[in-house]
Amino acid sequence: MSKISATVHAILEEPFQLSKEQINFFKQNGFIKLKNVLSPEAIAYLNETVSNEVKRLNTQHLPLEERDTYGKAFLQIMNIWTKSELVKEIVFSKRLAKIATDLLNVDGVRLYHDQALYKEPGGGITPWHADQYYWPLANDSTVTVWIPLQKTPLEMGPLEFSAQSFQLTSGRNKEISDESQQLLNESLAAKGFEHVVEPFEIGEVSFHRGWLFHRAGANNTDKMRSVMTIIYMDKDMILKQPENKNQIQDWETWCPGAEVGKQINTPINPVLYQN
Ligand SMILES: O=C(O)CCC(=O)C(=O)O
């Protein structure tokens with residue numbers, strides 16, 4: 001495989017300037033879509049690099065029809081940066097981590113974990129959910145960058161957002177499931193939150209807060225919907241007493257050795273950007 005080119009390296013490191021309007025949009029809505037964050041060349045490189053690792057590391061070989069709703073939604077490969085120096089360079093991108101820092105309005109961010117989310121041809125919906133239900137993190141200074149590795153039209157299942165829905169506390173305790181899809185679909189519509197469903201261009205990425213409700217449609221194309229994500233948290237994030245079994249499992253997996261009530265500062269939660 002090709003080594004990273006100087007131009008791709010440069011774009012992963014160069015600052016991306018957010019406008020005041022963009023920062024305000026994120027504050028109000030809990031998500032933002034940003035065009036031209038990465039170049040077509042960079043996306044092609046990320047696609048090749050991450051897809052090779054997904055192929056190498058994937059352990060899901062059941063046919064789609066034998067999986068549950070969560071299993072049909074995507075192949076999910078996590079913390080690839082710990083297994084690939086090339087992916088590490090992508091996940092450690094200062095450009096992306098600085099955007100996360102600026103959107104959260106904090107002094108710096110550290111890594112919670114990365115994950116590739118590959119929705120196969122014919123893959124099912126990603127039900128409505130809020131990510132932070134899974135995380136033993138003491139406050140809401142958390143954000144995920146969702147990086148589609150190809151142009152993502154509506155029929156491929158781009159990420160969809162319920163604007164401002166981080167304000168809604170009911171339904172936060174729902175695991176990703178048919179039940180979360182049904183319940184939240186009704187309650188988010190009843191509350192009048194805008195449902196934002198748009199395609200993604202090459203180089204466009206989104207950032208969404210941990211408590212923002214989001215989903216994705218099915219992949220009705222014959223191509224893989226390849227996506228890389230990086231989850232950031234405030235660099236001073238404190239580990240809270242876990243409130244459910246998923247949070248216990250996340251503690252053991254994504255911040256092993258961190259202590260309840262103390263800053264999360266383990267070797268697999270490096271600071272990725274600091275002002
Ligand atoms: O890619 C998807 O289908 C869902 C992504 C998601 O839920 C997330 O990145 O938090």
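Data table
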quantity: Test: Thr69 is surrounded by 18 or more Cβ atoms within 10 Å (Cβ to Cβ) and hydroxyl-bearing (Ser, Thr, Tyr); calculated: no
quantity: Test set (1) surrounded by fewer than 18 Cβ atoms within 10 Å (Cβ to Cβ); (2) in a loop (DSSP other than H, G, I, E, B) - Leu38 fails condition number; calculated: (1)
quantity: Flag if Arg209 is open to solvent by 30 Å² or more (accessible area, probe 1.4 Å) and within 16 Å of the chain's Cα centre (by Cα); calculated: yes
quantity: Per-region count, the stretch 215-230, residues assigned to a strand (DSSP E or B) and surrounded by fewer than 23 Cβ atoms within 10 Å (Cβ to Cβ); calculated: 1
quantity: Matching option when the condition is under 30 Å from Lys262 (Cβ atoms) and more than 11 Å from the ligand (Cβ to nearest atom), among Ile176, Ile238, Ile202, Ile230; calculated: Ile238
quantity: Residue among Val91, Val143 that is touching a residue at least 60 places away in the same chain (Cβ under 8 Å), touching a Gly at 6+ places or on another chain (Cβ under 8 Å) and of a type outside the set (Phe, Trp, Tyr); calculated: Val143
quantity: Selection from the stretch 231-251 of residues that are outside any loop (DSSP other than H, G, I, E, B) and either farther than 20 Å from Ile90 by Cβ or open to solvent by 70 Å² or more (accessible area, probe 1.4 Å) (or both); calculated: Asp234, Ile238, Leu239, Lys245, Asn246, Gln247, Ile248, Gln249, Asp250, Trp251
quantity: Residue within the stretch 113-133 that is of a type in the set (D, E, K, R), touching a strand residue (DSSP E or B) at 6+ places or on another chain (Cβ under 6 Å) and touching a residue at least 12 places away in the same chain (Cβ under 8 Å) present; calculated: yes
quantity: Identity of the residue in the stretch 184-202, part of a helix (DSSP H, G or I) and free of Cβ contacts under 8 Å to residues at least 40 places away in the same chain, that ends up surrounded by the most Cβ atoms within 10 Å (Cβ to Cβ); calculated: Ser187
quantity: Selection from the stretch 155-173 of residues that are of a type in the set (A, V, I, L, M, F, W, C) and within 12 Å of the ligand (Cβ to nearest atom); calculated: Met156, Leu159, Phe161
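Listed here are the residues, each with its yes/no results for (1) touching a residue at least 60 places away in the same chain (Cβ under 8 Å); (2) part of a loop (DSSP other than H, G, I, E, B).
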residue	(1), (2)
Ile4	yes, yes
Phe16	yes, yes
Glu21	no, no
Phe25	no, no
Gln28	yes, no
Ala42	yes, no
Tyr45	no, no
Val54	yes, no
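The values are calculated or read from the model by the stated rules, or taken from the named source; none is laboratory data. Small disclaimer: the values here were computed from a predicted structure and weren't measured. When we count neighbours, we look across all protein chains shown, and the Cβ atoms used for this are built from the backbone with ideal geometry, even at glycine. Surface accessibility is based on the protein's heavy atoms, side chains included, excluding ligands, DNA and RNA. Shrake-Rupley method; radii C 1.70, N 1.55, O 1.52, S 1.80 Å.
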